[in-house]
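Below: one structure, written as structure tokens.
The values are calculated or read from the model by the stated rules, or taken from the named source; none is laboratory data. Predicted model only: the values in this text are computed from it and were never measured. Using ideal geometry, Cβ is built from the backbone for each residue, glycine included, and neighbour counts are taken over all protein chains shown.
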């Protein structure tokens, strides 16, 4: 035993996994509602904005890799975000053959609106809990995020903006 896991063998019990599934559905619902504003931003589009907010130099290829999609799909995704005024394509100053993708002011504003809606919904849910329930949930969620390898502190955008490392 590594000191973290209770004495329930190699896998958690079904009731723990079921509780995490239910909680994840509730959190996904909050995230989906937060995206359903005037921008009509999809989850992949929002993830793209988050990636751009956290990185200085990102290309369409980087986006395709991070989202695990085909480069042509990433190009179309970026085309839609450019049309919405949420991102910009800019020729690299280091290599003019490279086109970088940057968050436009409209993209940053959209991300802030989404985050405000998400925080508001989460605060409403937390307000329905007793102090003891909320304290237990905070402790459990910190442990869950730690086990999942998430960032230690909440970022403004609600997603780890770092591009994943190449596993191949």
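The figures follow:
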{"quantity": "Any hit, the range 78-95, residues being within 20 Å of the chain's Cα centre (by Cα) and in contact (Cβ under 8 Å) with a residue 60 or more places away in the chain", "calculated": "no"}
{"quantity": "Counted residues, the range 75-89 - those being within 23 Å of residue 31 (Cβ to Cβ) and either in contact with a strand residue (DSSP E or B) (Cβ under 9 Å, 6 or more places away or on another chain) or not in a helix (DSSP H, G or I) (or both)", "calculated": "6"}
{"quantity": "Residues located in the range 37-47, provided they are modelled with pLDDT of 85 or more and surrounded by fewer than 17 Cβ atoms within 10 Å (Cβ to Cβ)", "calculated": "42, 43, 44"}
{"quantity": "Residues of the range 90-119 that turn out to be in a loop (DSSP other than H, G, I, E, B) and exposed (fewer than 15 other Cβ atoms within 10 Å of the Cβ), as a count", "calculated": "7"}
{"quantity": "Residue in the range 48-55 that is modelled with pLDDT under 90, more than 19 Å from residue 116 (Cβ to Cβ) and not in a helix (DSSP H, G or I) present", "calculated": "yes"}
{"quantity": "Which numbered condition residue 151 fails, given (1) in a helix (DSSP H, G or I); (2) at pLDDT below 90", "calculated": "(1)"}
{"quantity": "Cβ pairs under 6 Å, 6+ apart, first in the range 105-133 and free of Cβ contacts under 8 Å to residues at least 40 places away in the same chain, second assigned to a helix (DSSP H, G or I) and surrounded by 12 or more Cβ atoms within 10 Å (Cβ to Cβ)", "calculated": "126/134"}
{"quantity": "Residue in the range 62-75 that is exposed (fewer than 14 other Cβ atoms within 10 Å of the Cβ), at positive phi, under 19 Å from the mean Cα position of the chain (by Cα) and at pLDDT below 95 present", "calculated": "yes"}
